[in-house]
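The values are calculated or read from the model by the stated rules, or taken from the named source; none is laboratory data. This is a predicted model, so every value here is computed, not measured. Neighbour counts run over all protein chains shown; Cβ positions are idealised from the backbone, glycine included. Heavy atoms of the whole protein, side chains included, go into the accessibility calculation; ligands, DNA and RNA do not. Shrake-Rupley method; radii C 1.70, N 1.55, O 1.52, S 1.80 Å.
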2 protein chains.
Amino acid sequence: MVENTGANTHTKRALEELRQRILSGAFPGGTRLFEVALAEDLQVSRTPVREAMSRLTEEGLLERARNGGFLVRSFDFADVLDAIELRGVLEGTAARLAAERGVSDARLKEISEIVRQLDTCFGNGPDDVDFDAYSELNGQYHLVLAALPGSATLEREIARATRLPFASPSAFLPDRRQLSAFRRSLGLAQDQHHQIIHAIVRREGARAEALAREHACAARRNVEYIFSADSSVAQTVPALALVGQGNRNDD
Amino acid sequence: MVENTGANTHTKRALEELRQRILSGAFPGGTRLFEVALAEDLQVSRTPVREAMSRLTEEGLLERARNGGFLVRSFDFADVLDAIELRGVLEGTAARLAAERGVSDARLKEISEIVRQLDTCFGNGPDDVDFDAYSELNGQYHLVLAALPGSATLEREIARATRLPFASPSAFLPDRRQLSAFRRSLGLAQDQHHQIIHAIVRREGARAEALAREHACAARRNVEYIFSADSSVAQTVPALALVGQGNRNDD
DNA sequence: TCAGTATCAAATGTATTCATATCTCGGCTG
DNA sequence: CAGCCGAGATATGAATACATTTGATACTGA
């Protein structure tokens, strides 16, 4: 049995290009993607385009239309808030199970290191936060947290649902007031990260779960605040831009 | 723009046949599925086989191998227990949100009807339970419950994770003692169904969540009991047979 | 005998061609 | 004038031929 594969450079190209276009908001939610048009545009045949769309469906960026074909999934404000809620629940579960079952030293070391790096993003003062680095590391933190319990199925499903929704804060922070509020909230979030890890180490499952949930509630309040403070932001930022951190499965 | 689709009878056939084979345990977990072999076997070309495998990957029954190709996902006992745990958490969230946000009369009517039908499965006495009908309806109950909150994204993710794992009890109940224990537990489960609906109607979010979680814990205990009581069952029943109720997306 | 290399076969990737379903549009008919 | 029906356009479904990658094996030389 030859466990082989043919060439896949075209599929890979199509996949990456399409993903990038979707995440950048090139296609409004609900847009139907046509194989032929994309194939011409990407200079490949329909086959790798189909393959790419299928994979993007698995990733949650597309959905299959009722009668065939693919649509760009659309997310509205309520979806984003719900996704944060869901994420809090799942991460809470992950944290609780990690505390109940115990965590390998390697994993604990891994996530502690991430938290340590998160600390460094705050620099020397409250006005010196590296938003982009923080956001990137924060995504890793959540993924590793979701992976803690050590069950393949659980890990997989939690990671899937956790991955979907998250705001990249630096993308939509127009005015000074909001920036300042966001810095404060990031400081609180960072405290919560430390507390969650502590609770896991101390094997306090209920507390770890509650903390992770509160963490998500704080994130929810932040997003609500930002969008409500300036309604133009809600309309300007495509909801899809909030989606997809660490969603890749490239090799 | 013709929102069209070509014929899909071959894909449909391949999809249903493959799904059935996987769920029936024809392929042990980890088995690699080869396009050519399946295409010959099913008397179709590789194209619809590929398409079917891609969709089964979305359903969670297959996974993509590192270097291309598809593997049958394998689930062990721990995976099944974890899946039940996860399910309880998600359904708890669904119940809580339903209680907090309120539920449309139509939806409430829908799920109340399912619970009513579940009641009828118990017949006239404790020895007259229609397991198959109960199991079927129970799956519907869970899916509708997951759909209650009314947010498309949330609904989708909850339904996805909820769908994955559940035991079909009648499939592995060999001896009289277990059967009797199972009847009792089903009665308790049915009580819990009623209580959850009541809590949602009364807008008691925390209670609804706690009840749904307890419901899952009971299910977990049942499965643990059955598998521990007769270790041969755990080895005989392919874990995959526990997967996939209401996972269809046929039209 | 072992190691390294070359060759082959097996499996998937890609392109192309044909088939088929459905949506649109125009004309016919009541 | 409205509604239905049919033909054409369009998009996806399916089949097939060809390309490419990679694992396995056999052969050769040390």
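Some observations on this one:
- Summary for A:Q20: label point 7 Å along Cα→Cβ; distances to the equivalent points in the other copies, ascending, 4.5 nm.
- Among the residues of region A:58-91, those with an accessible-area drop of 40 Å² or more from chain alone to full protein complex, heavy atoms and 1.4 Å probe, are A:E58, A:R64, A:N67, A:R73, A:D79, A:D82, A:E85, A:L86, A:V89.
- Partners of B:K12 within straight-line reach, counting lysines whose Cα lies under 30 Å from its Cα and excluding those fewer than 8 residues away in the same chain: A:K12.
- Lysines whose Cα lies under 19 Å from that of B:K109, excluding same-chain neighbours fewer than 8 positions away: none
- Loop trypsin sites (Lys or Arg not before Pro), region A:34-92, which have at most 14 other Cβ atoms in a 10 Å radius of their Cβ (DSSP): A:R66
- Copies compared at B:S112 - label distances in nm, ascending, label defined 7 Å from Cα in the Cβ direction: 5.5
- Distance from the axis that maps chain A onto chain B is least for the Cβ of the chain A residue given, with the whole Å value, as A:S54, 2.
- Accessible area buried between chains B and A, both sides summed, probe 1.4 Å, in Å² to nearest 100: 3800 Å²
- 7 Å along Cα→Cβ, label-point gaps from B:A37 to other copies, nm, shortest first: 4.1
- Each of A:Q117 and B:A65 was given a label point 7 Å from its Cα along the Cα-to-Cβ line. The distance between the two points is 3.3 nm.
- Distant-in-sequence amide H partners of B:L62 (H built 1.01 Å from N, under 5 Å): B:T57, B:R73
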